[in-house]
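A short worksheet on the structure shown next.
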Amino acid sequence: MPDGSTLRSFVRIEGLKRHFDVSAPWLVRKLEGRSRQLVQAVDGIDIDIAKGETFSLVGESGCGKSTVARLVVGLYPPTAGRIEFDGQDMAGRRVRSESAALRRRLQMIFQDPYASLNPRWRVFDIIAEPIRAFGLATSKADLEKQVGDLLRQVRLTPADGRKFPHEFSGGQRQRISIARALASRPEFLVCDEPTSALDVSVQAQILNLMMDLQRRFGLTYLFISHNLAVVYHISTRVGVMYLGRLVEQAPTDTLFRRPKHPYTRMLLDTIPDLEMTGRQRTPVAGEVPSPLDPPSGCSFHPRCPFANDRCKAERPRSLPIEGGAVACHAIEEGRLAIEDRDYRPAP
Amino acid sequence: MTTVARSLSNKEPLLEVKNLRVEFPTRRGTLLAVDDVSFDIAPGEVLGVVGESGAGKSLTGNAIIGLLEPPGRIAGGEIRLEGRRIDNLPYEQMRKIRGARIGAIFQDPLTSLNPLYSVGRQLVETIQTHLPMSAADARKRAIDLLKEVGIPGAEHRIDHYPHQFSGGMRQRVVIALALCAGPRLIVADEPTTALDVSIQAQIIALLKRLCRDHGTAVMLVTHDMGVIAETADRVAVMYAGRIVEIGPVHNVIKHANHPYTRGLMGSIPSLGHRSERLIQIDGSMPRLTEIPRGCAFNPRCSERGRRCLVERPDLIPAGLGWAACWLHDVAGVGPAATKELADA
Ligand SMILES: Nc1ncnc2c1ncn2[C@@H]1O[C@H](COP(=O)(O)OP(=O)(O)OP(=O)(O)O)[C@@H](O)[C@H]1O
Ligand SMILES: Nc1ncnc2c1ncn2[C@@H]1O[C@H](COP(=O)(O)OP(=O)(O)O)[C@@H](O)[C@H]1O
Ligand code: SF4
Ligand code: SF4
Ligand SMILES: [Mg+2]
Ligand SMILES: [Mg+2]
């Protein structure tokens, strides 16, 4: 955040880029005269996250949210840019012990609670694994106590440790993933769509649990979701991604009450109306363009009702505004008014 | 069961489902996955069917289109389309009805499309199977259908292959396929679940328009209440294989009559207000092998009485709709049920 000087950041992401080479093999390229193809999955992103807050990333499928998550926990090396965790450069941890110490402090929860748990392990061993790996238990009895406590924290019972993942429902499996993520006593959790595979009633249980755990342990979350109503409930601040870039970020209430970027406004227009106020969802014209061939200038311009020649030619810079930041020429030039929104049901 | 939750209109129902039961024989006994489900849908009406995963929504839909996967089978009840029974037809006859009178749309557009053929070829073949048309006329109709579902440049895109379309466009192609023969009923099972919200809105607008313009009846299966709120005329809420509430969409969403529906609605995060906690229903839906005696929802219900532990409620008139809950019966739920009694 450009005005982040006032905010001591716990996690700082600067100029983060990740490109994927999806070209055909060299020989095929030569024979068919094709050029290299790069997907710019993440194309220059800056985020500052303060300790104890929840920063959420939203955006349509394929905009690069999961790639950011994987970069942050070190599953992918970045193409460019840096990630700082509690003042330490994550790329600079050359000594192995240092890198293990960092890994203990940040953990990830994945979207699919089925795929992310080893089906052949008992729940006890799944949760005990990080405790063993980081040498956090003093004895066998201590290990058993820690696993039992973790299971209780996610509202399961120590007896559930004897079972295998397939004996649990989707929501219970996601609780097991959360217990495992908490096992190494991390301070920072990256959660990639942790409730997207779950029913709404189960989603409410998991979101409540995550908020409880955050209050109890002072956890910091990077939360990824495409569900804006979920993000509204759980976040301190929100960043909106489009084709690998952050087009707007703001404190949650500001983002929802006074959205600025035309893409943010469009996303908010697509939220289904459960209050049944009669508000119609505006079907959006067009879809996300291919990241293989992103549009010039502002990559949103083919779908933007406010696009002009400058938008087609020049990539907008992210500028601070109302406690957040927006990258849009129309906002910068003042030719697009910022309006208040109200979602409360009509009296 | 004597109650059949009728549609709102006084038109003859297009689809009637009465006392439908779907069973799975397993080694450990027979599982009853759809238990005594009854409803009907009028021409031009959208019936939303909601409920948690495993509630029996898809099995109900598949029973209607005649695509239950063995060993699943219809074990009781009847299904009528325009007055004629279709649940006991031989496979070949049902296959014809499925293309011509009933259109099916599934969650993953790729299950309905053949990756090896252009979308045009698939549309033309489907049209010619059901309508007596020359290849040229069928192609013209295919282009018109693609235009109708909002594919830009249909004349050109018709020769493309499924992988050349984005997820939202593929789902529109599937809808075009389902429309080929001008069906009277569309059964759509989670048609927007795999799509982004921005594209969801487009698909929903399309389904609504078809319903209005052609008087097509739609059974819309989804677990997304937002989609239902905007599309459906009536909603059926399923829980553990049964319909627990059915009624006009506005009533079910704003003034639910069943405790489960109320919990379900409360657990959906809304933009209207923000709170420290979302409303949550504790516990989870029982497995088919562990459905409790009495009301299947009773272990999770804060309003249960002793009667709920022993007697299973059928749909009872409640407000403008129906709810399977003793709270709406003159005799009520009975004296308070203690924990010990419930566990006994
Ligand atoms: N390993 C990879 N190789 C090549 N391309 C990739 C790879 N991972 C991601 N991409 C591409 O990068 C872009 C961003 O992908 P990403 O998974 O981050 O999207 P997302 O925002 O998480 O989407 P969703 O909401 O669907 O999960 C997409 O175009 C995707 O196809
Ligand atoms: N082939 C099968 N064998 C045994 N049980 C099945 C089979 N298919 C579905 N079921 C069970 O039937 C119930 C209803 O399933 P389904 O209609 O698919 O639910 P929904 O669509 O509401 O998520 C579930 O409990 C499911 O496990
Ligand atoms: S920069 Fe131009 S095209 Fe991009 S969002 Fe702003 S107005 Fe639209
Ligand atoms: S019948 Fe009883 S247990 Fe079932 S929903 Fe109604 S009050 Fe609750
Ligand atoms: Mg993702
Ligand atoms: Mg289903």
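The values are calculated or read from the model by the stated rules, or taken from the named source; none is laboratory data. Only a predicted model underlies this, so the values are computations on that prediction, with no experimental measurement involved. With ideal geometry, Cβ positions are generated from the backbone for all residues, glycine too; neighbour counts draw on all protein chains shown. What goes into the accessible areas is simple: the full protein's heavy atoms, side chains included, and nothing from ligands, DNA or RNA. Shrake-Rupley method; radii C 1.70, N 1.55, O 1.52, S 1.80 Å.
A few comments on the model shown:
- In the context of the full set of protein chains, residues of chain B present 43 Å² of accessible surface per residue (probe radius 1.4 Å, heavy atoms only).
- For region B:257-344, the Rg and Dmax computed from alpha carbons only, in angstrom: 14.3, 42
- Residues of region B:212-227 buried by at least 20 Å² on assembly (accessible area, 1.4 Å probe, chain alone as reference): B:His223, B:Gly226
- Percentage, to the nearest whole number, of Cα pairs in the protein assembly as shown over 47 Å apart: 22 percent
- Per-residue [θ]222 nm for the protein assembly as shown (sum of -39500 (n - 2.57) over DSSP H runs n ≥ 4, rounded to 500): -9500 deg cm²/dmol
- J(HN,Hα) series, region B:164-181, from Karplus relation 6.51 cos²θ - 1.76 cosθ + 1.60, nearest Hz, glycine and proline x: 7, 9, 7, x, x, 5, 4, 5, 5, 5, 4, 5, 4, 4, 5, 8, 2, 9
- Volume in Å³ per residue [convex hull over Cα atoms, computed for chain B]: 154 Å³
- Part-to-part distance (alpha-carbon centres) for region A:28-78 and region B:8-59, which is given in Å: 44 Å
- Hydrodynamic radius by Kirkwood, which averages 1/r over all alpha carbon pairs of region B:143-275, in angstrom: 16.5 Å
- Residues of region A:230-267 whose accessible area (probe 1.4 Å, heavy atoms of protein chains only) drops by at least 40 Å² once all protein chains are present, relative to their chain alone: A:Tyr232, A:His233.
- Region A:119-185 - percent of accessible surface contributed by carbon and sulfur, probe 1.4 Å: 52 percent
- 25 °C / 0.890 mPa s Stokes-Einstein diffusion coefficient of region A:119-185, Kirkwood radius on C-alpha pairs, µm²/s: 212 µm²/s
- For A:Leu31 and B:Ala136, the FRET efficiency from 1/(1 + (r/R0)^6), where r spans their Cβ atoms and R0 equals 45 Å, is about 0.75.
- Heavy-atom accessible surface of chain B: percent carbon and sulfur, 1.4 Å: 52 percent
- Most tightly packed first, judged by the mean number of other beta-carbon atoms within 10 Å of their residues, the peptides A:32-40, B:194-202 read B:194-202, A:32-40.
- Region B:179-226 and region B:277-335: distance between their alpha carbon centers, rounded to Å: 31 Å
- Cα radius of gyration and Dmax for region A:40-192 (Å): 16.7, 49
- Per residue accessible area in Å² of chain A, where ligands, DNA and RNA are left out and the probe is 1.4 Å: 44 Å²
- Interface area, A with B, accessible, probe 1.4 Å, both sides summed, Å² nearest 100: 3800 Å²
- With Cα atoms, 0 to 90° folded angle of helix B:135-148 axis to chain B main axis: 50 degrees
- Shielding of peptide B:279-285 by partners, expressed as the average count of other chain Cβ atoms within 10 Å per residue Cβ, is 5.
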